[in-house]
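Colleague: Have a look at the structure that comes next, please.
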Amino acid sequence: EQQPVVRISWLQAVRYCNWLSQQEGLTPAYSNSGELITPVGTGYRLPSEAEWAWAARFAGRQTPLRYPWGDAMPPAPGSGNFADASAQGVVNDVLADYRDGFAASAPVGEFAANPLGLFDLGGNVAEWVHDAYVTALAIDPKEVDDPFGPDGGTTRVIRGSSWLHGSLVELRLAYRDFGSQPRPDLGFRVARYAQ
């Protein structure tokens, strides 16, 4: 019960958000096919990539965080659940001098929260976000409030490192991946507008 949910598709995560919204009497945020219902009400949904990045990189200072633990390698002891020495033989890149005490996922909240009180935004499991993944960079001259990414696509954005990640690039909070299938290190978190 304390482990993060993994091996779940993006659509299953969206359907869970709708189920949770219905349990609390809120209007679901998604249609049955996974399309975001606009205007987005107060139902539960996956965070947008922009929301995820802001929440993960917030440090209460002018410069955003580079890694979940700060600005430089190596991670301090107890920084999170990453590919440490216990994952040797399972993954290619490990943090040889780091020990988190878990060969795979750790119970949620096992490591310290970030400055906003959120747990495991880096490490433990990577997370589905709402946005569709596209390779072309969209440059729009006008500023957008609360962007939800492109309207369509066959793959979805995945943010955050997991217990399978140990390379310098994967551990950065700016790291983004994409996929369409469940993985043993991929879960999700829910978000919603307060009003």
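The values are calculated or read from the model by the stated rules, or taken from the named source; none is laboratory data. What you are looking at is a predicted structure, and each value in this text was computed from that prediction instead of being measured. Cβ sites come from the backbone with ideal geometry, for glycine too, and all protein chains shown count toward neighbours. Protein only, heavy atoms only, side chains kept; ligands, DNA and RNA dropped before computing areas. Shrake-Rupley method; radii C 1.70, N 1.55, O 1.52, S 1.80 Å.
Colleague: Could you pull out the longest piece of the chain with no exposed loop GluC sites (Glu not before Pro) in it, calling a site exposed if DSSP puts it outside H, G, I, E, B and it has at most 14 other Cβ atoms within 10 Å?
Modeller: Between exposed loop sites, the widest span is 36-142.
Colleague: Quick one: order V40, V144 from most to least accessible surface, probe 1.4 Å.
Modeller: Order by accessible area, largest first: V144, V40.
Colleague: A further question follows. Please report, in cubic angstrom per residue, the volume enclosed by the convex hull of the alpha-carbon atoms of region 100-140.
Modeller: In region 100-140, the Cα hull volume divided by residue count equals 141 Å³.
Colleague: May I ask you to evaluate 6.51 cos²θ - 1.76 cosθ + 1.60, the Karplus curve with θ = phi - 60°, for each residue of region 184-189 and list the ³J(HN,Hα) values in order in whole Hz, giving x for glycine and proline?
Modeller: Each residue of region 184-189 in turn: x, 10, 10, x, 7, 9 Hz.
Colleague: Now for a separate question. Just the number, please: percent antiparallel of the DSSP beta bridges in the chain, rounded to the nearest 5.
Modeller: In the chain, approximately 65 percent of DSSP beta bridges are antiparallel ones.
Colleague: For the pair F119/L26, report the inter-label distance in nm, with labels modelled 7 Å from Cα in the Cβ direction.
Modeller: The two pseudo-label positions are separated by 2.0 nm.
Colleague: To continue, here is another question. For region 1-107, what is the convex hull volume of the alpha-carbon atoms per residue, in Å³?
Modeller: 159
Colleague: Separate question: Measure nothing fancy, just the Cα-based angle from helix 10-23's long axis to the longest principal axis of the chain, in degrees from 0 to 90, nearest 10.
Modeller: Between helix and principal axis, roughly 60 degrees.
Colleague: Tell me the label-point distance for the pair M73, T155, using the 7 Å Cα-to-Cβ offset, in nm and rounded to one decimal.
Modeller: So the two model labels end up 2.4 nm from each other.
Colleague: Counting heavy atoms of the protein chains only and a 1.4 Å probe, report the per residue accessible area for region 78-186 as a whole number of Å².
Modeller: 51
Colleague: Taking only the alpha-carbon positions of the chain and ignoring solvent, what does the Debye formula give for the base-10 log of I(q)/I(0) at q = 0.09, 0.10, 0.17 Å⁻¹?
Modeller: Debye output, listed in q order: -0.34, -0.42, -1.17.
Colleague: Something else now. So for region 79-195, taking the charge dipole from beta-carbon charges (+1 Lys/Arg, -1 Asp/Glu), which of A174, G149, F188 sits furthest toward the positive end?
Modeller: It is F188.
Colleague: Right, another one. Find, among the trypsin sites (Lys or Arg not before Pro) in region 63-165, those assigned to loop by DSSP (not H, G, I, E, B) with at most 14 other beta-carbon atoms within 10 angstrom.
Modeller: Answer by residue number: R99, K142.
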